1. Identify the chymotrypsin sites (Phe, Trp or Tyr not before Pro) of the stretch 267-312 meeting these criteria: DSSP loop state and at most 16 other C-beta atoms within 10 Å of the C-beta.
2. Lys and Arg at +1, Asp and Glu at -1: add these up for the other residues within a Cβ distance under 13 Å of VAL263 and post the number.
3. For the stretch 139-210 and the stretch 257-286, what is the separation of their Cα centres, given in Å?
4. DSSP loop (so not H, G, I, E, B), at most 14 other Cβ within 10 Å: list which GluC sites (Glu not before Pro) in the stretch 36-119 pass both filters.
5. Round to a whole number: what % of the accessible area of the stretch 40-197 belongs to carbon and sulfur, probe 1.4 Å?
6. If you plug each phi of the stretch 96-103 into the Karplus form 6.51 cos²θ - 1.76 cosθ + 1.60 with θ = phi - 60°, what whole-Hz ³J(HN,Hα) values come out, in order, with x for Gly and Pro?
7. Order 176-182, 74-80 from most to least packed using the mean count of other Cβ atoms within 10 Å.
8. Of the cross-linked pairs LYS84/LYS163; LYS70/LYS162; LYS70/LYS126; LYS13/LYS162, which ones have a Cα-Cα span greater than 32 Å in the structure shown?
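The values are calculated or read from the model by the stated rules, or taken from the named source; none is laboratory data. Since the structure is predicted, the reported quantities are computational estimates derived from the model, not experimental observations. Every residue, glycine among them, receives a Cβ derived from its backbone with ideal geometry; neighbour counts consider all protein chains shown. With ligands, DNA and RNA removed, areas are computed over all heavy atoms of the protein, side chains included. Shrake-Rupley method; radii C 1.70, N 1.55, O 1.52, S 1.80 Å.
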Amino acid sequence: MEEQACPRCKTTKYRNPSLKLMVNVCGHTLCESCVDMLFLKGSGACPECMVPLRRNNFRVQLFEDPMVEKEVDIRRRILRDYNKREEDFATLEEYNDYLEEIEDIVYNLCNNIEIIETNKRIEAYKRDNREIIQRNKARVGRDEYALEELLELERVQEESRKKELDELETEHKKKKARDKQALIEELMYSGKDAAQIVSEFAEKAEKQREEEKQLPPPKAATEFSTGIKFGQSADPTLLPVPKSDEGPLFVYEPFIPYTEGPVPPQAIDVDTMGYIQHIRVETPQENAGGFTSTMACQRALEEALQCLYFTPTAGLGVGL
């Protein structure tokens, strides 16, 4: 296997064990020192393929093969927008064609095949599927948040269990020290036979060891290390964000008032039948808040006509 080396300064891991190789968008590598030298004047190009580069596009090389590093970066960028799932397609065949299209794009970009046409193809896809891409990004964000919460829960439980076992071990050590001191005092001041005292102490110690092997069950963690309860946001007074792709859709049902009086006029009748002639016009501030003079007049009429058919002796629903 060839030793990793910087293609520009020829420095190897053998000569410089702290050598840090960095890879750019074109897939070629440079050491960190050569990258700094390349951008002393603010811009630079790849020494091997002369592709214009930017300093923030360099990243630490994780794989020995630079082409693998390039493919991983390209695949990550492509899947950021090509994020449809199987349920977004009508048939399995359409989903498989979609996956093949992704592989074709990744292959072209990795091997510098039809770069311009492939980028135009990606831009056209992003333009035609903007809403689906944003929706799936939000869904992935929620999935990642749930995964992070689960990992945090496991970490908190592990820390809590470790702390509990440490406290239990400390208590066992203190108990052994007390028992040892009690044995010494009993041998010194008791009138019993020493062999009998040691035998009783050995039986007691053996019983204690059996008890120590039976560890108590772990306590269920109920909050993060910050004190926030699991399943809650940082501010418990805030309601959770509703998920648009879950649950039934809301169906509006108009409100039918029970007035026990004459039927009040509708909003259109308030304007046409002259009810609004003696009502002042709403101010711009009231109009911005959603209020109109027609609405205020209609509510006043509803309140005036309400319960006119009600009588204390006959009850509700007595007509005039």
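1. Working: sites: TYR275, PHE291, TYR309, PHE310; in loops: PHE291, TYR309, PHE310.
For chymotrypsin sites (Phe, Trp or Tyr not before Pro) across the stretch 267-312 that sit outside H, G, I, E and B with at most 16 neighbouring Cβ atoms in 10 Å, the list reads PHE291, TYR309, PHE310.
2. For residues surrounding VAL263, the net value is -3.
3. Spelled out, the Cα-based centre of one part sits 79 Å from the other.
4. Values: sites: GLU48, GLU64, GLU69, GLU71, GLU86, GLU87, GLU93, GLU94, GLU100, GLU101, GLU103, GLU114, GLU117; in loops: GLU48, GLU64, GLU114.
Qualifying residues, ordered by number: GLU48, GLU64, GLU114.
5. Working: 5980 of 11520 Å².
Reported share for carbon and sulfur atoms: 52 percent.
6. 5, 4, 5, 5, 5, 4, 4, 5
7. Numbers: 176-182: 11.7, 74-80: 14.0.
Highest mean packing first, the order is 74-80, 176-182.
8. Numbers: LYS84/LYS163 44 Å; LYS70/LYS162 41 Å; LYS70/LYS126 22 Å; LYS13/LYS162 40 Å.
Pairs exceeding the cut-off: LYS84/LYS163; LYS70/LYS162; LYS13/LYS162.
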